[in-house]
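Notes to accompany the following structure.
The values are calculated or read from the model by the stated rules, or taken from the named source; none is laboratory data. These figures come from a predicted structure and were not determined experimentally. FYI the Cβ positions are ideal-geometry reconstructions off the backbone, even for glycines, and counts take in every protein chain you see. Only protein heavy atoms, including side chains, enter the accessible area calculation; ligands, DNA and RNA are left aside. Shrake-Rupley method; radii C 1.70, N 1.55, O 1.52, S 1.80 Å.
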Amino acid sequence: MRSRLGFALLSLVLVPLHTFWLIKLETELGCFGFNSTDVSLFYSPVSALFLLAAANLFLKRIKPSWAFKPAEFVLLYAMLSVSAAFCGSDLLQNLTPVLVHPFWFATPENGWANTFHHLIPSWFAPRDLNVLRRYYTGSGTVDTAELIRAWLVPCLVWGSFLIVISIMMLCMSAILRKQWADGEKLSFPIIQLPLEITRSGSLDRLFRSKALLIGCLLPIVIESINVTNSLAPSVPRIPLGLYNIGAYFTQPPWNALSWWPPLFISFFPFGIGLTFFLPLDLSFSSWFFYLARRFAEVGANALGWYGASAPTGLSRFPFIREQASGGWIALFILTVWAGRHHLYSAVKSAFAKGTAPDEGEAIRYRWAVWGLIAGMVYLLAFSMAAGMAGWVALLFFTLYFVLTVTMTRIRVQLGPPALELFFVNPEHLLVTFTGTRIMSGGSLTVLSYYFWFNRCYRCQPMAHQLESLQMAKTVGAHLPSVAFWMVLATVVGIASGIVATLLLYNSVGQASAKIMTYRTGVGWEAFNRLNDWLQNPRGPDALGITVCFAAALFGLLLGSLRNQFVAFPLHPIGYAFSTCYAMEYFWFLFLITWLVKLLVVRYGGMRLYRQAMPFFMGLVLGDCIAAFFWAMVGWAFGWHGCARY
């Protein structure tokens, strides 16, 4: 009989290896399609489950007692996916490029040194130009002692900062899991494939369905041909990926569809598979509101609202940032209202004697609530020590966790292929409602530094925590144990992620052609905006506030209509998600798979739908396997940017 502890420790050892590989792949070698951490279902943890199922195929025949159990499948998936989320493309991979950006890129022309260098705490980042030169240009070999001297304090500061946020997210996940899974019966679409692999336990059982096998082989074959085409262009390419059809609209007013972001259509196997499992009403609402916004832009262009002589403010139509802010806040209000009784009992358990309904949960509600309070105190103290006003810090982190909970809700109810919340973030909301004139230079500077974990939220960690807990609950695993190992994996992942980025950037150069230029771009976004805030103080945006409130009221109205009329086709989640940048890539898949699923259910009933499910699940699995296989091959041979799509 194998030791469960031994398997958990082995999984923990895999975390830093997985982290180093993932960061090198996503920052240096190119992404072979989408970055793993840019989409909702990370392909490397899914592939790890697939390999575990392959191992079980032999273990069950040779020594059945050694076969991996469902709880071990879940533990491996949870530790890899959660640690990868914190080390992903919109979290740790942005950290060091933002920290040192204002020092290396300061020039007499932009005046950054005189404008805000004195506002940056000394413990935020190293400033020595020799250290920065090696970081940005690369030195080939890394002087470990010098690296430690320069980076130890900033790494400890920001590493502990992110660990506190991770524990607060886990506390919220522990409180919300029971309400969302058992109370509201949300479907958790993203984890259906990992659960299917976990339940099957081995490949022979997994591939009993011929439809799943065919669906799996299809993307593997096509994407392998496309990678071969990248290496040998004489091999024909099979079109997949993203296509800009907006470029074909050249005449007014339709040329509004060619402005950035232009109108795309896409063909991604994993996206086709995942969107097939979306609830019909949510899928319809998402693509309907997205197209309504794009056609509204065409109408505004026809009315001349985007010209030089346009009325003041109308050039911002259709106010995508303000609509996004209002829609997401409305969705948070609806989420809290739906779970108000559960949330009240959870909070009450922290301050009053009595039994809360938390038996068997990952963390007792009492400790989860106090964990949230302690974490918030730490974040406020951190921000104030850095120079941010207390009220700004409180508003910022309140908005941050509002968006975090809402994004997690969309993941577990809608289950989109990706989540990229580019148009709304806490700093934009704060500046819209308060302006910059009321904030000190220190507050604005710290606000800009926080941009590294607030740009797009593609690798949203709380969703991976909550989904992992739900997987554990589904297979009967011990939730507190899974939570414990997730915390360890997060700490190890964050530490190894920081080390990996520093070693990589100091070796090849963060600003060199060997590293994706996106990393440097995040710093430019943050500090160009800070320079503008400081040089051009402004008051509250009255028009933006008005539109934000109107969008929030519209979202609440949709929620009310959904509650009163069961057949009402539009959903507030669809309205909020339609403002997500991921819809620019996936709206076409939402539309096509909605139509296919509608026809399947209407004319074939649930029987045909169940027969079709394995094929679409196979598309997701095949895409994950192809991505993982070619990423491993590319890493082994040092290939750069061989595209699967």
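Annotations
- Close pairs (9 angstrom Cβ cut-off, 6 or more residues apart or separate chains): of a type in the set (D, E, K, R) in segment 88-115, open to solvent by 10 Å² or more (accessible area, probe 1.4 Å) and not in a loop (DSSP other than H, G, I, E, B) anywhere: Asp90/Asp38
- Where a residue in segment 233-262 is farther than 20 Å from Tyr645 by Cβ and small (Gly, Ala, Ser) and its partner, wherever it lies, is open to solvent by less than 70 Å² (accessible area, probe 1.4 Å) and assigned to a helix (DSSP H, G or I), with Cβ under 6 Å and at least six apart: Ala256/Glu297; Ala256/Val298; Ala256/Asn301; Ser258/Gly246; Ser258/Ala247
- Any hit, segment 300-319, residues being touching a Lys or Arg at 6+ places or on another chain (Cβ under 7 Å) and not acidic (Asp, Glu): yes
- Inter-residue pairs, beta-carbon under 7 Å, first open to solvent by 20 Å² or more (accessible area, probe 1.4 Å) and in segment 163-189, second among the hydroxyl-bearing types (Ser, Thr, Tyr) and in a helix (DSSP H, G or I), 6+ apart: Ile163/Thr490; Val164/Tyr378
- Candidate set from segment 396-444 (those that are farther than 11 Å from Tyr457 by Cβ, among the small types (Gly, Ala, Ser) and buried (at least 21 other Cβ atoms within 10 Å of the Cβ)); member that is modelled with the highest pLDDT: Ser443
- Of all residues in segment 178-211, those that are farther than 16 Å from Gly622 by Cα, part of a loop (DSSP other than H, G, I, E, B) and charged (D, E, K, R) total 2.
- Condition check for Phe577: open to solvent by 30 Å² or more (accessible area, probe 1.4 Å), closer than 20 Å to Trp328 by Cα, at pLDDT 95 or above and not aliphatic (A, V, I, L, M): no
- Residue in segment 552-560 that is closer than 25 Å to Thr406 by Cα, surrounded by fewer than 23 Cβ atoms within 10 Å (Cβ to Cβ) and in contact with a strand residue (DSSP E or B) (Cβ under 8 Å, 6 or more places away or on another chain) present: no
- Candidate set from segment 304-341 (those that are open to solvent by 40 Å² or more (accessible area, probe 1.4 Å) and among the hydroxyl-bearing types (Ser, Thr, Tyr)); member that is nearest to Pro253 (Cα to Cα): Tyr306
- Residue match in segment 448-457 (condition: assigned to a helix (DSSP H, G or I) and either surrounded by fewer than 21 Cβ atoms within 10 Å (Cβ to Cβ) or in contact with a Ser or Thr (Cβ under 8 Å, 6 or more places away or on another chain) (or both)): yes
- For segment 624-645, a tally of residues being in contact with a helix residue (DSSP H, G or I) (Cβ under 7 Å, 6 or more places away or on another chain), surrounded by fewer than 17 Cβ atoms within 10 Å (Cβ to Cβ) and either within 24 Å of Tyr77 (Cα to Cα) or small (Gly, Ala, Ser) (or both) returns 1.
- Segment 120-156, residues that are buried (at least 18 other Cβ atoms within 10 Å of the Cβ) and either part of a helix (DSSP H, G or I) or acidic (Asp, Glu) (or both): Val131, Leu132, Arg134, Tyr135, Tyr136, Leu147, Ala150, Trp151, Pro154, Cys155
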